[in-house]
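First the structure, in the form of structure tokens, and then the observations on it.
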Amino acid sequence: MTGSRPHERDVDPVTGYETTGHDWNGIRELNTPFPRIVLWALALAFLYSVIAWILLPAWPIGRDFTRGLLGLDQGEMALAGYEKLEEARSDWMAAFADNPVADLAADPGLLARARPTAVRLFADNCAACHGTDGTGGPGFPNLTDRDWLWGGAPETIAETIRVGINSTDPDTRFAQMPAFGRDGMLSREDIVAVAKHVVALGHGQADPDSRGAAVFAENCVACHGEGGKGIPDNGAPTLISGHWIYGGDIQTVMTTLWNGRQGEMPTWQDRLSTAEINILALYVASLSENDGERDR
Amino acid sequence: MLRLHYNLEKLSMGLVVGIIVAASIGGAVEIAPLFTIDQTVEIPDDMRPLTPLELAGREVFIREGCYACHSQMVRHLADEIDRYGPYSLASESAWDHPMLWGSKRTGPDLARLGGKYSDAWHVAHLIDPRAVVPTSIMPAYPWLERSLDASDIGAQMGTLARLGVPYDDARLANAAADALAQSSPDSDGAAGVAERYGDNVAIRAFDGDPSRLTEMDALVAYLQSLGTQTRLPYAIMSEEQP
């Protein structure tokens, strides 16, 4: 510290603060004190931390922790908040849990009340597969037309949502289109013939005397019904409406016949409450009112 | 107090000692709770570790950076419970090294994803998200259909076992075989997977083709396992709900 002198009080006349007392070739350094407001803020923050230690859960002590005088618990608070949420909508939502779906369908006021919730539930849970507007996509059924795999009555839809299709639920609805080609149940020629027949069915131009029609009568009618009109009890889709789940072109129908299909819809009864399932069932049933034509 | 600090600054060794003391207190407060972490975080009785295939899927999840846009943590908030399900417990990620809670949700939270959608949906969605969700901004991952390199799963499980994940000798010895068997339900090894990891393990051809073990198999198996390793979060919910 060359140039330093023994410390003496030296006040700068302009600012009124002391200098450090050192002099480097006539240059002196101000010793500006730490701003008071920062010191106060530090002190207050420390004081708050002490209060927080006492009031809130804070210190770990071995297997436990200090609970704090307020006895707050995040999990309990979240569940209490969730219960409040449930309570706030219970005045109308309870009706959906307590009444049969068919009765609920007859109450337009209640349906209108539930509609915003239905839209949200559908977006959160169903839209990923069936699309935000319910029109589905390849492998995921369109919910806005009047063709149903298992039936389109609200209570039937509710059951489908509850147990799913080919799901992990023990009571699941089960349906499987066999792999006629891969498993050697039909010859290649038969498959080509029946595929052509099925495509023609979709266009309403099937020839009842063709080879395909004969193969169809022998192998397909058991599930898809006479003339391919579908049997909802089997979860077998109609083949004559022109609406297809996987596609109605000859290539896709061939793939379906060759490899079979076993589409899966998950079970929702662990994830959604009875009321939520009923709200969704009624909403989904209402989607098909225009039979595939979106209302604009 | 300030005068003390003023004088301390002029004593270099004194200042060093002061810094060491202050930093030690800060360090001890952060580190000490970890000494008892095994007792603090109670593992539920029904908790199962990830199977070898799910673990390989977790590696794919990390490799592709999924965690950058998807959290795996339902927070303690009523709205989160309403949308995603029971809030996440510390024990659910106790065997995750590292945990994948994430901090950003460009996409939705995945902590309760297992069982929500079908395998076919996951496959279609990963190959091209726009094919099933037209407005999605998620990148496509078509290369996941290549074969899975399962050769190092056993070694990785060995490492995790040393960190406290309950992979016993039988689980370690059958790691590669279990990875293959879990995606091939009709194979001889499928029963072994259920025996070693429990009945709530999904044993399916996740990508639709049981003959090939792909990265898609692994990732979909992992996604279908999220939130299904223990039922405790659901039990806590239903206890509170009359």
A correct Karplus calculation of ³J(HN,Hα) over segment B:156-169, with 6.51 cos²θ - 1.76 cosθ + 1.60, θ = phi - 60°, whole Hz and x for Gly and Pro, returns 5, 5, x, 4, 5, 4, 5, 8, x, 6, x, 9, 7, 4
Descending principal axes extents, segment A:9-70, alpha-carbon based, whole Å: 64, 22, 14
Starting from the Cα gyration tensor of segment A:152-222, take the square roots of the eigenvalues, sort them a ≥ b ≥ c, and report rounded, prolate or oblate (rounded when a/c is under 1.5, otherwise prolate if a/b is larger than b/c, else oblate). oblate
Under 22 Å from the Cα of B:Lys10 - lysines, other chains or at least 8 residues apart: none
Quick one: among A:Tyr17, A:Tyr283, A:Tyr246, which has the greatest mean-square fluctuation in a GNM of chain A with alpha-carbon springs under 10 angstrom? A:Tyr17
Once phi is turned into θ = phi - 60°, what whole-Hz ³J(HN,Hα) does the Karplus curve with 6.51, -1.76 and 1.60 give for every residue of segment B:130-146, x standing for Gly and Pro? 5, 5, 10, 10, x, 8, 5, 10, 6, x, 8, 10, x, 6, 5, 7, 6
For segment A:143-171 and segment B:1-72, write down the distance between their C-alpha centroids in whole Å. 49
Taking chain B as a Gaussian network, where each spring joins two C-alpha atoms under 10 Å apart, which residue of B:Leu77, B:Leu113, B:Leu55 fluctuates the most? B:Leu77
Could you work out how far helix A:36-55 tilts from the main Cα principal axis of chain A, as a 0 to 90 degree angle to the nearest 10? 50
Calculated P(r) tail over 14 Å for segment B:74-150, as whole % of Cα pairs: 72
Low-density loop positions, chymotrypsin sites (Phe, Trp or Tyr not before Pro), segment B:23-73 - DSSP coil, at most 13 other Cβ in 10 Å: none
Among A:Tyr48, A:Phe140, A:Gly71, whose Cα sits farthest toward the positive end of the charge dipole of chain A (+1 at Cβ of Lys/Arg, -1 at Cβ of Asp/Glu, about the Cα centre)? A:Tyr48
What's the ranking of B:80-87, B:216-223, A:39-46 by average number of surrounding C-beta atoms within 10 Å, highest first? B:216-223, B:80-87, A:39-46
Compute the Rg/Rh shape ratio of chain A: radius of gyration over Kirkwood radius, all on alpha-carbon atoms. 1.41
Per residue of B:109-118, count partner chain C-beta atoms within 10 Å of its C-beta, then hand back the mean as an integer. 4
Amide H within-cut-off set for A:Ile231, under 5 Å, with H built and near neighbours excluded: A:Ala236
Cross-link reach from A:Lys196 to lysines, straight Cα distance under 20 Å and at least 8 residues apart if same chain, gives A:Lys229
Around B:Thr51 (Cβ within 14 Å, Cβ-to-Cβ, excluding B:Thr51; K/R +1, D/E -1) the net charge comes to -2
Applied in sequence order to segment A:217-232, the curve 6.51 cos²θ - 1.76 cosθ + 1.60 (Karplus, θ = phi - 60°) yields integer Hz couplings, x standing for Gly and Pro, of 4, 7, 10, 9, 5, 4, 9, 7, x, 4, x, x, 7, x, 10, x
Within chain A, which is the longest segment containing none of the GluC sites (Glu not before Pro) that sit in a DSSP loop and have at most 14 other Cβ atoms within 10 Å? A:30-292
Cα-based Rg / Dmax (Å) for chain B: 22.6, 80
If amide H atoms are built 1.01 Å from N in the plane of the peptide, which residues on other chains or at least 5 residues away come under 5 Å of the amide H of A:Glu18? A:Asp12, A:Asn31
Under a 5 Å amide H to amide H cut-off, with H placed in plane at 1.01 Å, what residues pair with A:Gly260 once short-range neighbours are removed? A:Phe180, A:Gly181
Please compute one quarter of the surface area of the Cα convex hull for the protein assembly as shown and express it in square nanometres. 38.2
Quickly estimate the mean residue ellipticity at 222 nm for chain A, helices only: each DSSP H run with n ≥ 4 gives -39500 (n - 2.57), and the total goes over all residues, rounded to 500. -13500 deg cm²/dmol
Estimated 222 nm signal from helices in chain B, with DSSP H stretches of n ≥ 4 weighted -39500 (n - 2.57), rounded to 500: -14000 deg cm²/dmol
So what is the relative contact order of chain A, in percent, for Cα pairs below 8 Å that sit 6 or more residues apart? 20
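Read the figures in this text as sums done on the coordinates, not as results from a lab. Because the structure is predicted, anything quoted here is derived from the model rather than measured. With ideal geometry, Cβ positions are generated from the backbone for all residues, glycine too; neighbour counts draw on all protein chains shown.
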